[in-house]
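A short write-up of the structure that comes next.
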């Protein structure tokens with residue numbers, strides 16, 4: 001906080017005496033006593049952008065709105081100058097976010113104004129928007145013929161060097177062409193990148209995405225002054241395999257099918273098989289109990305067969321009922337399976353099902369069909 005307060009003192013005193021008087025010298029001395037060279041260079045950027053516009057400091061003594069009312073003009077350049085004054089006043093009040101909006105509006109009205117862009121760069125830097133500040137400073141320094149740039153070139157270059165120390169580069173290369181490159185959720189370009197992305201020092205989440213490919217997600221760390229190179233190769237997502245069906249034609253491609261899905265046909269087939277097996281087992285158990293019931297073991301002198309082998313009778317009847325239920329279920333499920341397969345099967349001359357018929361006896365039920 002000591003450096004910040006000394007910077008603010010120096011800025012205010014220099015701006016209050018534009019002809020280099022005693023107050024300006026006191027401000028510079030305060031900055032030299034309390035600031036390291038890097039922060040001094042940053043302050044010089046702000047001081048340079050303010051020193052060339054005496055009207056801006058002298059005209060704004062109250063709220064920005066009052067200054068605007070005093071200088072109403074219909075030309076874009078005049079409105080830009082008005083917003084420039086408002087932004088400088090807001091910065092003196094420590095309202096950098098509001099000042100940024102004022103400078104951005106001024107730049108939109110007068111995009112060729114070097115003064116506006118320098119103020120905008122200084123405000124972006126103050127807010128920690130290092131990449132934006134660097135871009136603006138580089139644009140300004142590419143105009144050496146501009147009188148403002150010519151007069152303050154050394155200071156602007158020092159400011160650019162200070163900003164660049166907070167930035168690094170990220171260069172992403174690879175395939176496929178057109179894949180979107182995102183950093184912390186922001187889309188910053190697409191493959192192939194024409195140049196390295198400029199990012200503040202720190203850690204980021206890199207995502208490379210394109211429809212039809214598996215995305216790549218990586219954590220990357222940007223260092224000051226360096227360029228991190230990342231190579232990516234997105235893997236295509238395989239096309240969904242076509243479901244196989246009975247009676248597939250030659251050439252490895254199954255014909256188009258309609259109707260019920262194969263999982264339903266197989267489920268009904270499996271349930272019908274299970275019901276038939278249950279019926280067979282139940283009939284076998286029933287026959288065992290019937291054999292015991294009819295055997296001499298259930299005959300005793302003075303007692304009826306039902307009294308001696310009542311348990312065998314009950315167990316046999318239970319098995320018989322289960323056999324009847326299983327038989328009926330197997331017939332119904334088998335019929336559903338056959339209909340499902342017939343409905344789903346592709347229409348080809350050599351494929352299909354020939355329905356034969358069903359039969360039901362007291363012991364079992366069965367259906368038959370030929371492929």
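Every read-out reported here was derived from the displayed coordinates using simple, explicitly stated rules and does not represent laboratory data. Note that the structure is a prediction, hence the values are computed from the model and not measured. Don't worry about glycine lacking a Cβ; one is built from the backbone with ideal geometry, like all the others, and counts go over all protein chains shown.
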The FRET efficiency for residue 194 and residue 263, from their Cβ-Cβ distance with R0 = 56 Å and rounded to 0.05, is 0.65
How far apart, in nanometres, would the label points at residue 213 and residue 314 be if each is projected 7 angstrom from Cα along the Cα-to-Cβ direction? 7.4
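By DSSP, what percent of the beta bridges with both residues in region 167-233 are antiparallel, rounded to the nearest 5? The partial results should precede the final answer.
On the way: 19 of 26 bridges.
So the antiparallel bridges in region 167-233 amount to around 75 percent.
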Neighbouring Cβ atoms within 10 Å as the yardstick, rank 74, 291, 190 fewest first. 74, 291, 190
Can you work out the PRE-style zone for residue 205? Point 7 Å along Cα to Cβ, and I want the residues of region 124-165 with backbone N under 12 Å. none
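If I take R0 = 56 Å and measure r between the Cβ atoms of residue 303 and residue 328 in this structure, what FRET efficiency does the formula 1/(1 + (r/R0)^6) give, to the nearest 0.05?
Values: r = 37 Å, r/R0 = 0.66.
Approximately 0.90, to the nearest 0.05.
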Order of 123, 155, 223 from fewest to most other C-beta atoms within 10 Å? 223, 155, 123
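Starting with the fewest neighbours, write out 103, 162 ranked by other beta-carbon atoms found within 10 Å of each beta-carbon.
Working: 103 27, 162 22.
With the fewest neighbours first, 103, 162 line up as 162, 103.
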Pairwise centroid distance, computed over Cα atoms, of region 91-112 with region 132-196, Å: 20
Extension gain, residue 139 back to residue 227 (0.36 nm per residue minus Cα-Cα distance, nm): 29.6 nm
What is the Cα radius of gyration of region 167-233 over 2.2 N^0.38 Å, N being its residue count? 1.02
